[in-house]
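First up is the structure itself, then whatever we jot down about it.
The values are calculated or read from the model by the stated rules, or taken from the named source; none is laboratory data. Because the structure is a prediction, the values reported are computed rather than measured. Every residue, glycine among them, receives a Cβ derived from its backbone with ideal geometry; neighbour counts consider all protein chains shown. The protein model used for the area step is the full one, side chains on, heavy atoms only, and it has no ligands, DNA or RNA in it. Shrake-Rupley method; radii C 1.70, N 1.55, O 1.52, S 1.80 Å.
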Amino acid sequence: MREPILLTPGPLTTSLRTKTAMLTDWGSWDARFNVLTASVCADLLAIAHAEAEHVCVPLQGSGTFAVEAAIGNLVPRDGKLLVLVNGAYGKRMARLTEVIGRQVAVYETADDVPAQPAEVAARLAADPAITHVGVIHCETSTGILNPLAEIAQVVAAAGRKLIIDAMSAFGALDVDARTLPFDALIASSNKCLEGVPGMGFVIVRRSALLQSAGNSHSLSMDLHDQYQYMQKTGQWRFTPPTHVVAAFREAIDQYLEEGGQPARLARYSANCQALIAGMQALGLKLFLQPELQAPIIVTFHAPAHPAYEFKRFYEAVRARGFVLYPGKLTEVETFRVGCIGAIDAAEIKQAVAAVADALNELGWAR
Ligand SMILES: *Cc1c(COP(=O)(O)O)cnc(C)c1O
């Protein structure tokens, strides 16, 4: 039996090479493991062209842990974060900031409307207490792309600092620290870089990190402490996710062999185009305006049949070897399909055929 293909935005389908890299046990004290960690961090920094002014600090856990750590370190206890919200991950950023006891302001747009840079500028001008702005590069709730470069310019012009949740975009969408001003960019092992889940990382401006000593509300989430310890010893504080790091090393090797960010973006864009064309031919409609859609994950309106239930649809497609993702919108019934992972247009075409077959079986075909 073939393993099912995950059309989900992380965990996602990884290559055999990446999976096989997890068959070795590593000692956390072993110099060879420290070299592995250092090489992963150096490559992540290079992918963001951030070697000049930033450092890469890895953190155990899922991506949210790294977002929480970055905000807990960089936003001082008397600071205030303006979060740009157009989906669940923006809401989560605002919520975790509140939980750790920092002041939050929210600028919210509808799920299908990107944050407007002029409105960000207006809110910053109106509230001098705001020290930092948090933005989601690609809001995975729908797949919408926020205008990162324009927002970064507005934030810098207002003399505030930018924190980017680039979780679902990093590695595929271009980010260049030489032209994009930001204090922190957060992503994880299991999205566009096609590693397995278990670690996040923060590409953080060195001066901001060094100034953040004592800010963190939490010992385990203290990025400054993690960085200092790693600088001194080459080791992670506390047990590292050794197999995840080894798989990530292998995944990044394949990323570089493929041609890095432009090649990854090209493959995902081809996946996305094949997906949209195939699903539209089945009568399934896109939720977002096509120009707002990032080639990461696509939201479709549910089939317009009164008996539609995501769970039955999911099981019917799952039985044909493909794993879909539920919608994350409260107002409209939708489902999502990821374009990312170690797959190309061939798998996407098979997935569309599986969806067509499932809709026929369920009697929901147009
Ligand atoms: C995946 C993701 C996260 C992190 O989610 P975890 O489940 O904690 O890994 C954060 N932000 C965005 C935009 C994401 O896509």
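Number of Lys-Lys pairs in the stretch 16-256 under 21 Å by Cα, sequence gap 8 or more or different chains? Don't skip to the end; give the middle numbers.
Details: Lys19/Lys191; Lys80/Lys91; Lys80/Lys161; Lys91/Lys161; Lys91/Lys191.
Lysine pairs satisfying the spacing and distance rule in the stretch 16-256 number 5.
Where Lys and Arg each count +1 and Asp and Glu each count -1, what net charge lies around Lys80 among other residues with Cβ under 9 Å from its Cβ?
Values: positive: Arg102; negative: Asp78, Asp127.
The answer is -1.
Ignoring ligands, DNA and RNA, what percent of the accessible area of the chain is carbon or sulfur (1.4 Å)?
Working: 8180 of 14870 Å².
So the carbon and sulfur contribution to the accessible surface is 55 percent.
Please report how far the C-alpha centroid of the stretch 74-132 lies from that of the stretch 142-173, rounded to the nearest whole angstrom.
The stretch 74-132 and the stretch 142-173 have Cα centres spaced 12 Å from each other.
If you count only protein heavy atoms with a 1.4 Å probe, what accessible area per residue comes out for the chain, rounded to a whole Å²? Please list the in-between numbers first.
Numbers: 14870 Å² over 366 residues.
Dividing the accessible area of the chain by its residue count gives 41 Å².
Projected onto the charge dipole of the chain (+1 at Lys/Arg Cβ, -1 at Asp/Glu Cβ, origin at the Cα centre), which of Trp29, Ser168, Phe65 gives the Cα projection farthest towards the positive end?
About the Cα centre, the residue reaching furthest to the positive side is Trp29.
Given the peptides 77-89, 261-273, 30-42, arrange them by the average over their residues of other C-beta atoms within 10 Å, most packed first. Kindly include the intermediate steps, with their values, before the conclusion.
Values: 77-89: 20.5, 261-273: 18.3, 30-42: 15.5.
Top to bottom by mean Cβ count within 10 Å: 77-89, 261-273, 30-42.
Below 8 Å, C-alpha to C-alpha, sequence gap of six or more: please give me the relative contact order for the stretch 16-256 in percent.
Values: 476 pairs, mean separation 72.2, N = 241.
Worked out over the stretch 16-256, it gives 30 percent.
Ignoring everything except DSSP H segments at least 4 long, calculate the 222 nm mean residue ellipticity for the chain; use -39,500 (n - 2.57) per segment, divide by total residues, nearest 500. Don't jump to the answer; show the numbers that get you there.
Numbers: 12 runs with 149 residues, N = 366.
Helix-only estimate at 222 nm: -13000 deg cm²/dmol.
Compute, for Arg160, the solvent-accessible surface of its heavy atoms (probe 1.4 Å) with the complete set of protein chains present, and express it in square angstrom to the nearest 10.
Surface accessible to solvent at Arg160 totals approximately 40 Å².
Quick one: net charge of Ala126's neighbours, Cβ under 15 Å, K/R +1, D/E -1? If you can, show how the numbers build up before the last one.
Details: positive: Lys80, Arg123, Arg160; negative: Glu119, Asp127.
Taking every other residue near Ala126 into account, the sum is +1.
What is the distance in Å between the Cα centres of the stretch 180-240 and the stretch 272-324?
Value for the Cα centre distance between the two parts: 36 Å.
About its Cα centre, how strong a charge dipole does the stretch 16-256 have in debye, to the nearest 20, once Lys and Arg get +1 and Asp and Glu get -1 at the Cβ? Provide the component values of the computation, followed by the final result.
Numbers: 19 positive and 24 negative charges, 97 e Å.
For this selection, approximately 460 debye.
Looking at the chain, do any whole DSSP H helices span at least 30 angstrom along their long axis by alpha carbon and average -1.0 or above on Kyte-Doolittle, and which?
Numbers: long enough: 260-281 (32 Å, -0.01).
Membrane-span-like by this rule: 260-281.
For the chain, set up a GNM with springs between Cα atoms under 10 Å and report which of Ala69, Ala149, Ala187 has the largest fluctuation.
Ala149
Probe radius 1.4 Å, ligands and nucleic acids left out: which of Glu331, Glu3, Glu119 has the largest accessible area, and how do the rest follow?
Details: Glu331 160, Glu3 125, Glu119 65 Å².
Result, largest first: Glu331, Glu3, Glu119.
Cross-link partners among aspartates and glutamates for Lys328, C-alpha distance below 20 Å, same-chain residues fewer than 8 apart left out?
Counting by Cα, and skipping residues close in sequence, Lys328 has these aspartates and glutamates nearby: Glu108, Asp111, Asp112, Glu139, Asp165, Glu309, Glu315.
Excluding residues on the same chain fewer than 8 positions from Lys349, give the aspartates and glutamates whose Cα lies under 14 Å from its Cα.
Partners within reach: Asp357.
Specify whether the C-alpha gyration tensor of the stretch 16-256 places it in the rounded, prolate or oblate class, a ≥ b ≥ c being the square roots of the eigenvalues: rounded for a/c under 1.5, otherwise prolate if a/b is larger than b/c and oblate if not.
Working: a/c = 1.96, a/b = 1.54, b/c = 1.27.
In terms of gyration-tensor shape, prolate.
All other residues with a Cβ under 12 Å from the Cβ of Thr334 taken together, and with Lys, Arg as +1 and Asp, Glu as -1, what is their net charge? Intermediate values should be presented prior to the final figure.
On the way: positive: Lys285, Lys328, Arg336; negative: Asp111, Asp112, Glu331, Glu333.
After counting each charged neighbour, the total is -1.
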